[in-house]
Structures are given as structure tokens and as C-alpha cells.
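Presented below is the structure to which this report refers.
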Amino acid sequence: MAGDEKMSMAGTDLFELSRGVLDVASKKVTLIEDITRRTKMLAMNALIEAARAGDAGRGFAVVANEVSEISTQVNSITKELRSEIVARVDHLTTTGSAMVQEMHGKRLADLSLNMIEIIDRNLYERSCDVRWWATDSAVVDCAADPTEDARRHAAHRLGVILESYTVYLDLWIADRNGEVIANGRPDRYRQARGANVANEAWFRQALATSNGGEFIVGDVARNGSLDDRVVATYATAIRRDGEANGEVLGVLGIFFDWEPQAAAVVQGVRLEEHERERSRCLLLDARHRVIASSDGRGILTESLPLRRGGGVMGHYLDGGRVVGYALTPGYETYKGLGWYGVIVQER
């Protein structure tokens, strides 16, 4: 049985237990009140009979008065008991519901963390790929001396890589001036070769990296030269002889096919079936822009400001919704990009 179902059942059991206690107590208090009323009635009848008996009934009248007084006191205590029981049971129910909601919110935050950790591990591999492939001899030779033969050989080599790494749309080699001189899928993406990326942030930042261990990640965005597909771009400088501190010859850019990979993560969150239709699982970038959503809506067009309160992980109520979130913790040498995993669930 899954955690959320257990919590839901626990909440239901607690509510039923509280109501059960209240029902039993109310029935017993009602019985006491009934007995008290009957006792008081008997005391009143006794007083009437004592009055009729005159002096002979005076002693009996004292007892009847005492019984009446005790009945009044019992009735008062019973009313207080009923009021206290109702208040305590309500408090128990409220406290129990709050505990269940807190557990549920923490579970959503945990699932959000799991989402962003999966993405982090995936993107860590992308950072390894770009730094490795930038040292490939065909890539380095093409950037160093971009003859037609070198470009053709590099394109072939990039194509071989793409056959094994199907999560990429294309791989580009750009010279120091930003001209794309070779790509791995020239037949599919004819616009790529000859394109100039000198004004692209990912190119400029990669060109400025200080050594072969550094890389950059561009914002998730649409790339017009790749059929306007949404990509996550990784890039690093190509250096002479593939050496970490070699002269910068150009830039290798690799384009991760973002949408299907991210969709698999946000749609694969382990929610109960009854939760799915009222939940949105999201990935947000550092600007809180939606970059993946389980319902396919709002990608790159919607923003979701989070009420974090300074925490890296947590949950809160937003009207009729519970929002659980977690900030990227990073993975290995990949420090993360300030992205969030978020689950928004209607209550």
C-alpha cells in the first residue's frame, strides 16, 4: 500500500475514531441526563407528599430536597462534561487532520525532490558528454583546420555518437567566430551548418571557459535550426590537442532533446491513481518558469512563483491546493541550475 493511501486511511480512521468516541460519550451523557431528570421528578413528588403529611413528613422533605439539589448538581456537571467532550474531540480531529496534511505535504515535497534528483543525475551525464566529446580527435582537428575533409569526417564522427546517444537532437562544432562548421545530422538539420551562433549566450560563455573541465548550460529554449524543438544546450570550448589548458579553437554545443526526456520524469512520479487527475508535476527553472509539466501545459510560457520562505524544500497551502517543492541539490560535479521540482495538487 502506498504512502499517500496509508495517510488517507489513517486520516479517515482517526476521524471515525473521534466521531465514535463522541457518539459513545454523548449516548452515556444522555442516559445520565435522563436518570437525573427522573430523579429530580421523584424528588419533587416526594416533596409534595411530604407537604401533605405535615409534621410527619418534614424529615422526608429534607431528604427529598437534598436529592433534588444533588440532581441539579449532576445535571450541571453532565452539561459541562458534554461540552468538554465535544471540544476535546473537535481538537483531536483538527489536530489529527493537521498531522495528516503535514505528512501529505512532506510526501509531495519528497516526490518533488525525487523528480529534480532524477533530472540532476541525467544532466550530470550531459555535462560529462560535452567535455568528453570536445576532446575527440575528429572534433579537435575540425576546429583546428576546418577543411572540407575535416568537416566531413567530424560530421561523420558526431553522427556515430548520435546513433548511440539517442537523447540528443544534434551536435554542433562552431569556430571561434561562431560559425557552425559541422553537425552530426546534416541531412536532417540542413540549416545548422553555416549558421552563426556568435550572439548566443551558450557560445559566448563556452568560449570564455578557463579550462577543459568547465562547461556551460543554456536556458531550456526552442532552437529554430532544430525544427523549433525545445532543447537543453550544453557547451564547452574545443581546445588544441584536446588538452585541458590548450588554446581555444572553437566550441562544441550539444542539444539535449528536452521535452520527451523531461516528460518521462514528470509523468513518472509515483502518485496514486486517484491523485493523478488532480495533480500537476512540474519542473521550474531558476526564474520559476515552467520547463516541464505532467499535463503538457505552460512549457516555457507559464511561471509559478513559489512561497519558499527561505527553505530549499517544503510545502504550503495555496487556497484549495497543496504545493510541495524541492530545490535542485546537484549531483557530483554538477551543481545544479537553481531548478525546482514541484507538485501542485488540488485538495
For the stretch 166-210, the convex hull over Cα atoms projects on average to an area in nm² of 3.6
Amide H proximity to Arg222 below 5 Å, modelled H, separation 5+ or other chain, gives Val231
Short to long, in 5 Å steps from zero, the percent of alpha-carbon pairs of the stretch 140-270 per bin is 2, 11, 20, 24, 21, 12, 5, 3, 1, 0, 0
Charge dipole of the stretch 139-185 built from unit charges on the beta carbon (Lys, Arg +1; Asp, Glu -1), centred at mean Cα; most positive-end Cα among Val167, Gly178, Pro146 is Val167
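Which of the GluC sites (Glu not before Pro) across the stretch 239-302 are loop residues per DSSP, with 10 or fewer other Cβ within 10 Å? Provide the component values of the computation, followed by the final result.
On the way: sites: Glu243, Glu247, Glu272, Glu273, Glu275, Glu277, Glu302; in loops: Glu243, Glu247, Glu272, Glu277, Glu302.
Sparse-neighbourhood loop GluC sites (Glu not before Pro): Glu277.
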Charge dipole of the stretch 205-347 built from unit charges on the beta carbon (Lys, Arg +1; Asp, Glu -1), centred at mean Cα; most positive-end Cα among Ile254, Val220, Gly242 is Val220
In Å³ per residue, the alpha-carbon convex hull of the stretch 277-323 encloses 85
Once all protein chains are kept in place, Ile70 shows an accessible area at probe 1.4 Å, nearest 10 Å², of 80
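Might you report the magnitude of the Cβ-based charge dipole of the stretch 182-251 about its Cα centre, with Lys and Arg at +1 and Asp and Glu at -1, to the nearest 20 debye? Spell out each step's value before the answer.
Numbers: 9 positive and 9 negative charges, 54 e Å.
For this selection, approximately 260 debye.
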Under 5 Å from the placed amide H of Tyr168, counting only residues 5+ away or on other chains, we find Asp257
The answer for the per residue Cα convex hull volume of the stretch 244-290, in Å³, is 136
Heavy-atom accessible area per residue of the stretch 138-225, all protein chains kept, 1.4 Å probe, expressed in Å², is 50
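Out of all Cα-Cα pairs in the stretch 246-347, roughly what percent, to the nearest whole number, are more than 16 Å apart? Present the calculation step by step, with values, prior to reporting the outcome.
Working: 3250 of 5151 pairs.
The answer is 63 percent, as a whole percent.
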PRE zone check, label point 7 Å out along Cα-to-Cβ of Glu102, amide N under 12 Å, scope the stretch 300-322, hits none
Honestly the stretch 263-303 on the Cα gyration tensor test (a ≥ b ≥ c root eigenvalues; a/c under 1.5 rounded, otherwise a/b vs b/c for prolate or oblate) is just prolate
Computed on Cα atoms, the radius of gyration and Dmax of the stretch 205-288 in angstrom are 17.8, 58
The answer for Leu249, listing residues at least 5 apart or on another chain whose modeled amide H is closer than 5 Å to its amide H, is Ile238, Arg239, Arg240
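The values are calculated or read from the model by the stated rules, or taken from the named source; none is laboratory data. Because the structure is predicted, anything quoted here is derived from the model rather than measured. So basically every Cβ, Gly included, is an ideal-geometry build from the backbone, and we count neighbours across all protein chains shown. Each accessible area value is taken on the protein alone, full model and side chains, heavy atoms only, with ligands, DNA and RNA left out. Shrake-Rupley method; radii C 1.70, N 1.55, O 1.52, S 1.80 Å.
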